[in-house]
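In what follows, a single structure is set out as structure tokens and then discussed.
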Amino acid sequence: AQRVTQPEKLLSVFKGAPVELKCNYSYSGSPELFWYVQYSRQRLQLLLRHISRESIKGFTADLNKGETSFHLKKPFAQEEDSAMYYCALESHTGTASKLTFGTGTRLQVTL
Amino acid sequence: DTGVSQDPRHKITKRGQNVTFRCDPISEHNRLYWYRQTLGQGPEFLTYFQNEAQLEKSRLLSDRFSAERPKGSFSTLEIQRTEQGDSAMYLCASSPWARVAYEQYFGPGTRLTVT
């Protein structure tokens with residue numbers, strides 16, 4: 001069975017400090033990993049996915065299959081980065097697919 | 001608004017009552033998902049539709065839960081004989097068909113409180 005672990009419930013950093021939100025996964029297949037974000041009073045939305053190898057809002061995430069990790073990083077935190085971040089793993093059964101989410105990490109950026 | 005919509009946004013019901021939630025996906029999306037989220041947890045998968053076919057159901061989806069997607073458009077999630085443990089945020093998401101790794105677009109959710 002697949003599992004996603006986010007060990008930190010809360011990460012508090014100062015503005016301008018580097019950010020690393022940890023995510024580890026367990027999956028027997030080829031993993032497809034995502035980071036979703038939920039800003040205050042907004043719906044859950046995609047931040048980035050590993051397959052795209054893109055940087056969104058300064059965030060990047062590298063899939064490390066050896067360590068089964070997909071940590072989210074940003075070199076300089078901004079106040080507007082304060083939000084709830086969820087790591088998610090996509091798995092497939094035949095033509096069906098689903099996301100398995102971690103428990104989430106709340107990022108708090110303070111002045 | 002062309003995003004995923006859910007109705008109602010909030011529902012308070014007494015234990016033992018039946019409730020039904022509706023989800024309207026983005027119009028060209030043929031994949032539709034239901035998730036449940038409780039306090040302090042991430043969303044948990046409940047069920048998946050491809051067009052009108054329900055292709056996967058989680059073991060979380062007890063016999064009291066049923067979901068439909070007639071004609072492959074909107075979907076409904078019904079909970080019969082609600083229990084206090086059913087109190088949660090119910091999220092709907094949709095995506096277009098793609099082989100893998102496509103973004104799921106989430107609705108605002110329906111918050112259910114069972115008293």
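Meeting the requirement of 1 or more residues that are at pLDDT 90 or above, of a type in the set (Phe, Trp, Tyr) and more than 17 Å from B:THR20 (Cα to Cα), the strands (runs of 3 or more DSSP E) wholly within segment B:44-104 are B:44-50.
Tallying residues that are in contact (Cβ under 8 Å) with a residue 12 or more places away in the chain, of a type outside the set (Val, Ile, Thr) and within 20 Å of A:GLU8 (Cα to Cα) within segment A:47-79 yields 18.
A:ALA17: assigned to a loop (DSSP other than H, G, I, E, B), open to solvent by 60 Å² or more (accessible area, probe 1.4 Å) and small (Gly, Ala, Ser), yes or no? No: the conditions fail for A:ALA17.
Under the condition of being open to solvent by less than 50 Å² (accessible area, probe 1.4 Å), at pLDDT 95 or above and within 21 Å of A:ALA1 (Cβ to Cβ), the residues counted in segment A:20-30 number 2. Scoring A:THR60 on the criteria (1) polar (S, T, N, Q); (2) within 19 Å of B:GLY107 (Cβ to Cβ); (3) touching an Asp or Glu at 6+ places or on another chain (Cβ under 9 Å) leaves a single failure, condition (2). Taken over segment A:1-21, the criterion of being within 14 Å of chain B (Cβ to nearest Cβ) and of a type in the set (D, E, K, R) is satisfied by A:ARG3, A:GLU8, A:LYS9. Checking each residue of segment B:67-75 against the condition of being open to solvent by less than 60 Å² (accessible area, probe 1.4 Å), within 10 Å of another protein chain (Cβ to nearest Cβ) and touching a strand residue (DSSP E or B) at 6+ places or on another chain (Cβ under 7 Å) gives no match. Of all residue pairs spaced 6 or more apart or on separate chains, those with beta-carbon atoms under 6 Å, a first member in segment B:48-61 that is over 13 Å from A:LYS98 (Cα atoms) and a second member that is of a type in the set (Gly, Ala, Ser) and not in a strand (DSSP E or B) are B:ASN51/B:GLY72; B:GLU52/B:GLY72.
Across segment A:31-53, which residue is modelled with the lowest pLDDT among those that are buried (at least 18 other Cβ atoms within 10 Å of the Cβ) and assigned to a loop (DSSP other than H, G, I, E, B)? Only one residue tops the list, namely A:PRO31. Would you say B:GLY16 is in contact (Cβ under 8 Å) with a residue 12 or more places away in the chain, of a type in the set (Gly, Ala, Ser) and assigned to a loop (DSSP other than H, G, I, E, B)? When the stated conditions are applied, B:GLY16 passes them. Here the condition is being open to solvent by 60 Å² or more (accessible area, probe 1.4 Å) and within 23 Å of A:VAL4 (Cα to Cα); of B:GLU56, B:GLU103, B:GLU44, it holds for B:GLU44 alone. Taking the criterion of being over 23 Å from A:LEU10 (Cα atoms) and open to solvent by 20 Å² or more (accessible area, probe 1.4 Å), the residues of segment B:28-41 that qualify are B:GLU28, B:ASN30. Please tell me if B:GLY3 is in a loop (DSSP other than H, G, I, E, B), over 23 Å from A:SER91 (Cβ atoms), at the interface with chain A (Cβ under 9 Å from one of its Cβ atoms) and open to solvent by less than 70 Å² (accessible area, probe 1.4 Å). In short, yes.
The values are calculated or read from the model by the stated rules, or taken from the named source; none is laboratory data. Every value quoted in this text rests on a predicted model; they were computed, and no experiment measured them. All Cβ positions, even for glycine, are placed from backbone atoms using ideal geometry, and neighbour counts span all protein chains on display. Ligands, DNA and RNA are stripped out before the accessible areas are found, and what is left, the full protein with its side chains, is counted by its heavy atoms. Shrake-Rupley method; radii C 1.70, N 1.55, O 1.52, S 1.80 Å.
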